[in-house]
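Report on the structure given below.
Bear in mind that the values in this text are calculations on the coordinates, not laboratory data. In this text the structure is predicted, and so the values were computed from the model without any measurement. Cβ sites come from the backbone with ideal geometry, for glycine too, and all protein chains shown count toward neighbours.
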Amino acid sequence: MGNNDINHAKKVVFKGLILLAIITVLEVFIALFGNGHLIEGVRLAKWIMYPMMIGLSLYKAYFIIYEFMHMKYEMQGLRFTVLLPMLLLVWAVIAFFNEGNNWKHNRQVIQQKNQIGIEHIATPPAPANHGEEVHPGNEH
Amino acid sequence: MDSVAVHSNVAENDQDMWEGGKTPFKASYGKLMMWYFLVSDAFTFAGFLIAYGTLKFSVPTWPLPDFVFSSLPGGITHAPLIFVTIMTFVLIASSVTMVRAVQEGHRENKNGVVFWMGMTILGGAAFLGCQAWEWTTLIGGENMTVTTNPFGSHVIDGVYLDDPHGHPYEASIQPESFHAGETYLIHKDHETDKWIQRRYQTSEGQVGVQEFGPKAFGALFFFITGFHGFHVFSGVLFLLIIMVNAASGIYAARKNGYEMVEKIGLYWHFVDLVWVFVFLAYYLL
């Protein structure tokens with residue numbers, strides 16, 4: 001590495017530091033602004049915030065892998081053997097989050113059914129007829 | 001003497017070749033295997049983070065990170081996500097100094113390698129210190145443990161019937177109100193060591209008591225950040241060993257551009273990479 005090269009390399013590193021710092025600040029800004037911490041009463045919808053934050057994080061990951069870990073300068077075969085298996089995680093995320101959502105749904109169903117049971121037992125029969133004794137559990 | 005010299009010469013060339021007589025992907029054995037180790041480690045971390053997401057999806061409410069992580073050293077309490085942003089900066093900075101160490105290695109500049117590795121170690125140690133403070137605050141100050149999560153969330157709007165000390169509000173005082181989705185922290189009475197679960201009345205008229213939050217939040221927080229922190233800790237140890245080796249001149253004698261520094265560099269950047277996703281999953285989303 002010559003003197004020119006090292007100066008160029010230093011510049012790349014400095015740029016990387018600034019870039020990653022700015023992206024991190026931006027992410028935190030979105031989180032704070034979107035949750036109403038910066039301006040009272042102003043909030044962002046989650047479907048706007050989340051894709052932005054996920055996108056910025058993925059860009060950070062790309063930058064760290066390609067620049068800092070020098071993946072850019074490796075052979076294509078090495079890149080593929082390392083990065084392609086990560087695509088499996090896409091399905092893992094979809095499948096497991098869907099499963100988690102189903103657990104929530106099942107819990108709600110069970111809770112509702114329990115509620116029905118409690119109400120059925122706990123509700124005293126309405127005194128419909130005056131003077132007449134009502135026998136609980138003696139329904140026809 | 002001559003034959004020995006020839007033999008060692010051949011051996012040196014052989015080091016660059018794998019058994020098949022070629023270097024796959026033009027990478028050394030050690031570097032390639034470091035990459036594949038990192039692939040397997042990435043799946044481990046992905047498993048933990050996906051488990052976190054799955055459990056978060058499976059319950060109606062989840063503690064809001066900008067409420068849970070809002071303390072700063074010095075008793076400041078309403079600074080959401082500021083401390084963890086500082087932690088992220090520290091880790092990014094240590095990643096950048098690591099890049100410098102690898103660059104100086106390529107230039108065969110021993111002093112440069114040792115200096116920048118030293119800076120990286122300082123960054124790693126600072127990050128561990130930050131994490132120790134964060135854990136101490138959560139465990140010691142806010143009583144979160146692996147099995148108890150005092151950070152719960154409201155499901156519907158309402159007003160509190162008890163004040164923060166657990167006593168019913170006096171008639172003259174305007175009671176505190178809350179909104180759906182807001183996270184609260186159940187405090188502990190310092191004298192009796194009992195939880196203060198405030199009673200509240202929802203806008204629909206039901207009376208309830210502050211419930212504890214999902215256990216998985218605390219358990220996975222300590223597990224995931226702990227596993228990451230352990231990676232940082234072992235990374236600092238490896239960096240120390242390799243820095244001492246570099247200073248001793250052992251890598252200079254190998255004349256391979258301080259490849260060992262490059263390998264530990266890959267590991268160190270990976271630790272930073274994982275933090276990007278831990279930060280995203282735990283503190284941002």
Report relative contact order for region B:151-209 in percent, whole number only (criteria: Cα-Cα under 8 Å, sequence separation at least 6). 41
Tell me the label-point distance for the pair A:His8, B:Ile173, using the 7 Å Cα-to-Cβ offset, in nm and rounded to one decimal. 6.9
Taking amide H positions as placed in the peptide plane 1.01 Å from N, state which residues far from A:Gly36 in sequence (5 or more) or on other chains have amide H under 5 Å from it. A:Leu44
Taking all pairs of different Cα atoms in chain B, averaging 1/r and flipping that mean, what Kirkwood radius in angstroms comes out? 22.4
Within the protein assembly as shown: Cβ-based charge dipole about Cα centre, in debye rounded to nearest 20 (Lys, Arg +1; Asp, Glu -1): 1620
Restricting things to alpha carbons, tell me how big region A:1-73 is in terms of Rg and Dmax, in Å. 16.6, 56
Additional length obtainable on full extension of the chain from B:Thr148 to B:Lys22, 0.36 nm per residue less Cα span: 39.8 nm
Along the Cα-to-C-beta direction of A:Leu19, a point sits 7 Å from the Cα; which residues of region A:43-83 have their amide N less than 15 Å from that point? A:56-73
Provide the FRET efficiency to the nearest 0.05 for the A:Tyr73-A:Arg107 pair, computing r from the beta carbons and using R0 = 35 Å. 0.10
Per 20 Å bin from zero, what fraction in whole % of the C-alpha pairs of the protein assembly as shown is there, up to the bin with the longest pair? 21, 45, 23, 9, 3, 0, 0
